[in-house]
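Undergrad: Structure provided below as structure tokens; questions to follow.
The values are calculated or read from the model by the stated rules, or taken from the named source; none is laboratory data. All values reported here derive from a predicted model rather than from experimental measurement. Please note: Cβ atoms are built from the backbone with ideal geometry, for glycine as well, and neighbour counts cover all protein chains shown.
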Amino acid sequence: MISGIFQYEFLQNAFLSGMIIGIIAPLLGVFIVVRRLSLIADALSHVTLAGIAASLFLGKYSTLFLGLNPLYMGMAFSVGGAVLIEKLRSVYKHYEELAIPIILSGGIGLGVIFISLADGFNTDLFSYLFGSVSAVSRTDLWTIIIISIFVILVIRLIYKELFLLSFDEEYAKATGIAAKSIHFIFIVMVALVIAASMRIVGILLVSSLMTLPVAASIRIAKGFKQTIFYSILFGETAVLGGLFLSYYLDLAPGGTIVMISVLILILTVVFKKLAVRTAV
């Protein structure tokens, strides 16, 4: 695969996209897990699926949508779903977690409708569902690069505010932090990263890349910044290892990446137990 990367553009696209996603997905995943919003990635991924299916459906009847990358409409739907989650959180003030399953259910329902209107599953839709190395285009790569730069810059600017909101929202509000605005920016970033990651991992598996590396890092990390470091390390290991194995063994990249993440999680759990027993 190393030599192939220098010869084939699709491998360059997949490799570089995977490296970037392996950083930004776990980076946001740390804040998602700490804030107990793990299911939000699942909800927005299904909304993204609805957007992609809608784009494929409209492409059958309009030349405008025929030439449009479905990724863009998927992003639009994902950001729209993120905005609706925020609106519903304010409606159900005492049951804010209800916003996520409501959007999740709506995304699945809308996705199924558009899939049926687009005459069911096709090769393009399958590549979005489960990931495909060969499907990552140069346009997808540049889109991922732009989103990653945006995410890293925003995290850099509002890191302290996000940290406070993640661990003590009431105290953060009392200090004058614009909690609603910060959370809105954060959830929009999550929506964009989910939409950008689906080419490599797939819509149905992208939430795993945002949570499994974090779950593994929590077992061995001794602080928040260390948790971020280990999450990115495990995310990169899973993505790059998954791409290499899927290339040589002819496996689905998304599933391979997730299974490596699961293996890393199991190893950290076992390591932690052995470390505790040794200390005793």
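Undergrad: May I ask you to say which residue of LEU157, LEU153 is at pLDDT 85 or above, within 30 Å of LEU11 (Cβ to Cβ) and either of a type in the set (D, E, K, R) or out of contact with any helix residue (DSSP H, G or I) (no Cβ under 8 Å at 6 or more places or on another chain) (or both)?
TA: That would be LEU153, the only listed residue that is at pLDDT 85 or above, within 30 Å of LEU11 (Cβ to Cβ) and either of a type in the set (D, E, K, R) or out of contact with any helix residue (DSSP H, G or I) (no Cβ under 8 Å at 6 or more places or on another chain) (or both).
Undergrad: If you take the residues of segment 260-280 that are within 17 Å of the chain's Cα centre (by Cα) and buried (at least 17 other Cβ atoms within 10 Å of the Cβ), which of them is nearest to VAL34 (Cα to Cα)?
TA: Filtering segment 260-280 for residues that are within 17 Å of the chain's Cα centre (by Cα) and buried (at least 17 other Cβ atoms within 10 Å of the Cβ), the one nearest to VAL34 (Cα to Cα) comes out as SER261.
Undergrad: Here is a follow-up. Can you tell me which of (1) modelled with pLDDT of 80 or more; (2) buried (at least 19 other Cβ atoms within 10 Å of the Cβ) is the one LEU245 doesn't meet?
TA: It fails just one condition, (2).
Undergrad: A further question follows. Go through segment 198-224 and count every residue that is part of a loop (DSSP other than H, G, I, E, B), basic (Lys, Arg) and in contact with a Leu (Cβ under 9 Å, 6 or more places away or on another chain).
TA: Residues that pass the stated criteria total 1.
Undergrad: For segment 52-71, enumerate the residues that are in contact (Cβ under 8 Å) with a residue 40 or more places away in the chain and in a helix (DSSP H, G or I).
TA: ILE52, ALA53, ALA54, LEU56, PHE57, PRO70, LEU71
Undergrad: Oh, and also: Would you tally the residues in segment 141-181 being under 18 Å from ILE32 (Cβ atoms), polar (S, T, N, Q) and within 17 Å of the chain's Cα centre (by Cα)?
TA: Looking only at that region, the number is 1.
Undergrad: I'd like the full set of residues that are in contact (Cβ under 8 Å) with a residue 60 or more places away in the chain and in contact with a Leu (Cβ under 9 Å, 6 or more places away or on another chain), limited to segment 78-106.
TA: SER78, VAL79, GLY81, ALA82, ILE85, ILE100, PRO101, ILE103, LEU104 - these are the residues of segment 78-106 that are in contact (Cβ under 8 Å) with a residue 60 or more places away in the chain and in contact with a Leu (Cβ under 9 Å, 6 or more places away or on another chain).
Undergrad: Now for a separate question. Going through segment 65-106 one residue at a time, which ones are more than 19 Å from PHE184 (Cα to Cα) and surrounded by 14 or more Cβ atoms within 10 Å (Cβ to Cβ)?
TA: If the condition is that a residue be more than 19 Å from PHE184 (Cα to Cα) and surrounded by 14 or more Cβ atoms within 10 Å (Cβ to Cβ), then PHE65, LEU68, ASN69, PRO70, LEU71, TYR72, MET73, GLY106 are the ones that fit.
Undergrad: Hey, another quick one. For segment 87-119, which residues satisfy the criterion of being closer than 18 Å to SER181 by Cα and among the aliphatic types (A, V, I, L, M)?
TA: LEU88, VAL91, ALA99
Undergrad: Would you pick out the residues in segment 214-235 that are crowded, with 19+ Cβ neighbours inside 10 Å and under 21 Å from ILE145 (Cα atoms)?
TA: ILE228, SER231, ILE232, PHE234, GLY235
Undergrad: What pairs come out if I take residues in segment 233-260 that are aromatic (Phe, Trp, Tyr) and pair them with residues that are outside any helix (DSSP H, G or I) whose C-beta lies under 9 Å away, six or more apart or interchain?
TA: Qualifying pairs under 9 Å: PHE244/MET1; TYR247/MET1; TYR248/MET1.
Undergrad: Okay, next question. Quick one: is ILE21 closer than 16 Å to MET198 by Cβ, modelled with pLDDT under 85, in a helix (DSSP H, G or I) and not small (Gly, Ala, Ser)?
TA: Against the criterion (closer than 16 Å to MET198 by Cβ, modelled with pLDDT under 85, in a helix (DSSP H, G or I) and not small (Gly, Ala, Ser)), ILE21 does not qualify.
Undergrad: Considering segment 184-201 alone, what residues qualify as being among the charged types (D, E, K, R) and either within 16 Å of LEU84 (Cα to Cα) or free of Cβ contacts under 8 Å to residues at least 40 places away in the same chain (or both)?
TA: Passing the criteria: none in range.
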